[in-house]
1. Which ordering of 262, 134 is given by a fewest-first count of other beta-carbon atoms within 10 Å?
2. At residue 299 and residue 103, where each label point lies 7 Å from the Cα along Cα→Cβ, what is the point-to-point distance in nanometres?
3. Residues of the stretch 278-292 with the amide nitrogen closer than 17 Å to a label point 7 Å from the Cα of residue 318, along Cα-to-Cβ, please.
4. Projected area of the stretch 85-153, taken from the Cα convex hull and averaged over every viewing direction, in nm²?
5. Could you calculate the contour length gain from residue 412 to residue 348, that is, 0.36 nm times the residue separation minus the distance between their Cα atoms, to one decimal place in nm?
6. Between residue 113 and residue 395, what is the label-to-label distance in nm when each label sits 7 Å out along the Cα-to-Cβ direction?
7. Quick check: Cα centre of the stretch 295-366 to Cα centre of the stretch 144-194, how many Å?
8. Quick check: from the Cα gyration tensor, does the stretch 284-412 come out rounded (a/c under 1.5), prolate or oblate?
Ligand SMILES: [Zn+2]
């Protein structure tokens, strides 16, 4: 007698996609077999005509806890994750105080263990000395995070130990990271080019931070990755220019890349319509960039789709574009947006699962416990009805900052989440 069986679903295991049954015992997948072959269970879940996917591993997530509970907490934002088919979140180190000391990492870990509705990992700041880096790894860091630009003047306290703008500073940080063997997610924007374009004082938000800023930073990171041996994961790529820089650097560097749904479906039209509510960093680009990013995910040039879930309240965002904070909620819309694209034939289902689950799990050392539905994997499972229509409304958002997701309001997507299980326990239904 199994604990749980999931019967007759269209299962994407990471090896094959076919109609299969899954058995779950003690929180893990214990058996995968043809429909009708696995025997009885205390709980049987009928998944006929549903996609049975490994829960998504969101490699770029911010809740910032314990600072700014009005924007979101580990509890509220991981509840949103479960409601979006995401079963692991990798939380960025931006907080007050920031996660760049072992003490802060341990206290955030304890807070996350008390509050999170899904599994989580914690990034550590990369601009630290080697002994601090090693201590943070010993305390359980999943990877490091580096910004290659200066923090906004009003948020300096949240970024201490997280950034380096000079070639020397970037090299030192990645040299330290290389000693640990863990990957480093890098926010790649070149500081001196940011200043150059800001000094032109254009009123047009689209030209104040053009793609060359991102591409130049990625090219440098390719070289530094090669010579330090650090594994560098480029965060939230927003443009075709960024993809070109990544592909050009890839033959010799240890680089992987990530993009986010908002860079794939939104562009300057949404800046026109929603202004500061869709301000993100790097900024939204053009329809051609949207297409370049979908193509890069389809070919595997970009390996990961992550949310960069960055909750700010509607009041935080309702200020002029120039002074608005950068970030939008996205953890509960990420998988729905990608599955809708699968329905439209933009991506294969297998490629979508690679980008949302398997590849982030591999890059951050969680595979095949996470990111796969194989015997021995954690039973982190999302059941999706692939043909049901889902109309997004602000009221349906679980994130405490869901009111800022106005660009998603009224969007009709094909594909609807039916149930999320975390280590065999239903956490969304
Ligand atoms: Zn981010």
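1. Working: 262 27, 134 16.
By the 10 Å Cβ count, ascending, the order reads 134, 262.
2. Rounded to a tenth, the inter-label distance reads 5.0 nm.
3. Backbone N within reach: 278-279.
4. Working: hull surface 21.5 nm².
Over every viewing direction, the Cα hull of the stretch 85-153 projects on average to 5.4 nm².
5. 21.0 nm
6. Distance between label points: 4.0 nm.
7. Measuring centre to centre over Cα atoms gives 22 Å.
8. Values: a/c = 1.64, a/b = 1.55, b/c = 1.06.
Here the stretch 284-412 falls in the prolate category.
Read the figures in this text as sums done on the coordinates, not as results from a lab. Since the structure is predicted, the reported quantities are computational estimates derived from the model, not experimental observations. Quick reminder, even Gly has a Cβ in these numbers, built from the backbone with ideal geometry, and neighbours come from all protein chains shown.
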